[in-house]
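Notes follow the structure.
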Amino acid sequence: MEARRLAILCSHLNPPGPNPSRDPTLRVYGCSSGSSDDDGKVEPSNLQNDCVFCKIIRGESPCLKLYEDDTCLCILDTNPLSNGHSLIIPKLHYPTLEETPPSVVAAMCSKVPLISTAIVKATDSDSFNLLVNNGAAAGQVIFHTHIHIIPRKEHDCLWASESVRRHTLKLDKEASQLVSRVRQQLRSLPEEQLVQPS
């Protein structure tokens, strides 16, 4: 598993392909993951120097940009699971989903219908998976929040788990206890986190 993570990380650091200075589809971006001084320069002490995505946002690493706005950037994954596999990343550095402000998560998710529709059409796919690997145990390799859009075609057999038989949830004491524990966790949150924005 560690070798796979290292390979993925290396592919993001050194993507294969054309020379970025000669390919007009490769872009560089100013990083907004730090604070700026009066000259508009980003203070290095506030940047994540070892973060692959921060390097892309700062323009230190090349990327193939599909979409960009003030909050997020969508790029092609350099180690794709399928043709068109893309990543939506926030322009500010947040290591995990829990540490990402709800407004940033909302901005990223609000672009999913637009971007995924374009990717599915461009790749002649049938559908897509939307995936967030949050934490090491869930397979997160780059600790900068990101959303995967993975185009799918019928019978592509991308996930081994698709052949695993699912089991019906038993409506028993164990399930009821799980529901109670989750609800208790939600009740312990500050009320402003539970209120939906209007």
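Readers should treat all values here as calculations from the given coordinates under stated rules, not as data from a laboratory. Everything numeric here is computed off the predicted structure, so don't read it as measured data. Note that we place each Cβ from the backbone using ideal geometry, even for glycine, and neighbour counts take in every protein chain shown.
Peptides 186-194, 63-71: what's the order by average Cβ count within 10 Å, highest mean first?
On the way: 186-194: 8.0, 63-71: 16.1.
So the peptides 186-194, 63-71, ranked by packing, come out 63-71, 186-194.
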Going highest first, how would you order 77-83, 122-128, 141-147 by mean Cβ packing within 10 Å?
141-147, 77-83, 122-128
Which one, 53, 131, 108, projects farthest toward the positive side of the charge dipole computed for the stretch 39-198 from Cβ point charges (K/R +1, D/E -1)?
131
Along the Cα→Cβ direction, 7 angstrom out, place labels at residue 127 and residue 167. What is the inter-label distance in nm?
2.4
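Using the Cα centre of the stretch 66-191 as the reference point, and only Cβ charges (+1 on K/R, -1 on D/E), how large is the resulting charge dipole? Debye, rounded to the nearest 20. It would help to have the intermediate numbers written out before the result.
Working: 12 positive and 14 negative charges, 107 e Å.
Computed about the Cα centre, the dipole is about 520 debye.
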For residue 99 and residue 185, extending 7 Å from Cα along the Cα-Cβ vector and measuring point to point gives, in nm, a value of 1.9
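Rounded, prolate or oblate for the stretch 85-198? Axes are the square roots of the Cα gyration tensor eigenvalues, ordered a ≥ b ≥ c, and the cut-off for rounded is a/c under 1.5. Spell out each step's value before the answer.
Working: a/c = 1.97, a/b = 1.18, b/c = 1.66.
In terms of gyration-tensor shape, oblate.
What is the count of Lys pairs in the stretch 53-198 whose alpha carbons sit under 19 Å apart, if the two are 8 or more places apart or on different chains?
Numbers: 55/65; 55/91; 65/91; 65/111; 65/121; 91/111; 111/121; 121/153.
Final tally of qualifying lysine pairs is 8.
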Cβ-based net charge around residue 120, under 11 Å, with every Lys or Arg adding one and every Asp or Glu removing one:
+1
